[in-house]
1. Which whole-number value in Å² is the accessible area per residue of the range 64-109, probe 1.4 Å?
2. Give, rounded to the nearest 20 debye, the magnitude of the charge dipole that the range 1-68 has about its Cα centre when Lys and Arg contribute +1 at Cβ and Asp and Glu contribute -1 at Cβ.
3. Explain nothing, just compute: Karplus ³J(HN,Hα) = 6.51 cos²θ - 1.76 cosθ + 1.60, θ = phi - 60°, for every residue of the range 23-30 in order, whole Hz, x for Gly and Pro.
4. With the alpha-carbon atoms as the only input, what is the per residue convex hull volume for the range 1-130 in Å³?
5. Ignoring ligands, DNA and RNA, what percent of the 1.4 Å accessible area of the chain is carbon and sulfur?
6. Can you work out ³J(HN,Hα) from phi for every residue in the range 60-71, in order, using Karplus 6.51 cos²θ - 1.76 cosθ + 1.60 and θ = phi - 60°, giving whole Hz and x for Gly and Pro?
7. Return an integer: the convex hull volume of the alpha-carbon atoms of the range 33-81, in Å³ per residue.
8. Only helical DSSP H runs with n ≥ 4 go in: add -39500 (n - 2.57) per run for the chain, normalise by residue count and round the 222 nm mean residue ellipticity to 500 deg cm²/dmol.
Amino acid sequence: MIRFRAGDTNVRVHALALLMLALSFALGARVELAAMLTALFAHEGAHLLAARLLRVRVEALDLMPFGGALTLENPYRLGRWQLFGVSLAGPLANLLGLVATAALAWWRALPVSFSLELMRFHGMLAAFNLLPALPLDGGRALHCLLSMSIGPAAEEAEALRRR
């Protein structure tokens, strides 16, 4: 594992991620590799930016062979909207990246082969991460939405029971 700091965030790169990069490059999958890394950095970068804007402390960014993960401060101390915003920032960035890439391909500003791969990776990351299962982004967002609707009702029921 390679560790370094980027600002006040610990970045950890798994050794197998580096091996995957080297093998992809050696086997000639350069276009696919560039597209995957671009989509992944857009996704994780959007999470990081949203965390900064919503005043959520990021403890670490882990880059693994098939993706990345942000470790936030204690999520139980965060506001529901903070967690919701940070959760959806990555998939939103991928959806915007998909549309922007399609526009750039339409205007012939990007090579066709790279555009197709980049759109594929942006779409794949957005779709996978929006699945409503924890610990994916969609699961976290759904948890926030459900806790907003169920939380007040549960508190009300508890207050009535205590009377």
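The values are calculated or read from the model by the stated rules, or taken from the named source; none is laboratory data. Quick caveat, the model's predicted, so the values are computed rather than measured. Neighbour counts run over all protein chains shown; Cβ positions are idealised from the backbone, glycine included. We work out accessible area using only protein heavy atoms, side chains counted, and drop any ligands, DNA or RNA first. Shrake-Rupley method; radii C 1.70, N 1.55, O 1.52, S 1.80 Å.
1. 64 Å²
2. 200 debye
3. Computed from phi, the couplings for the range 23-30 are 5, 4, 5, 5, 8, x, 8, 5 Hz.
4. 112 Å³
5. Taking all protein chains in place, the chain shows 68 percent carbon and sulfur surface.
6. 7, 10, 9, 10, 10, x, 10, x, x, 8, 9, 9
7. Here the figure is 76 Å³ per residue.
8. Computed mean residue ellipticity for the chain: -23000 deg cm²/dmol.
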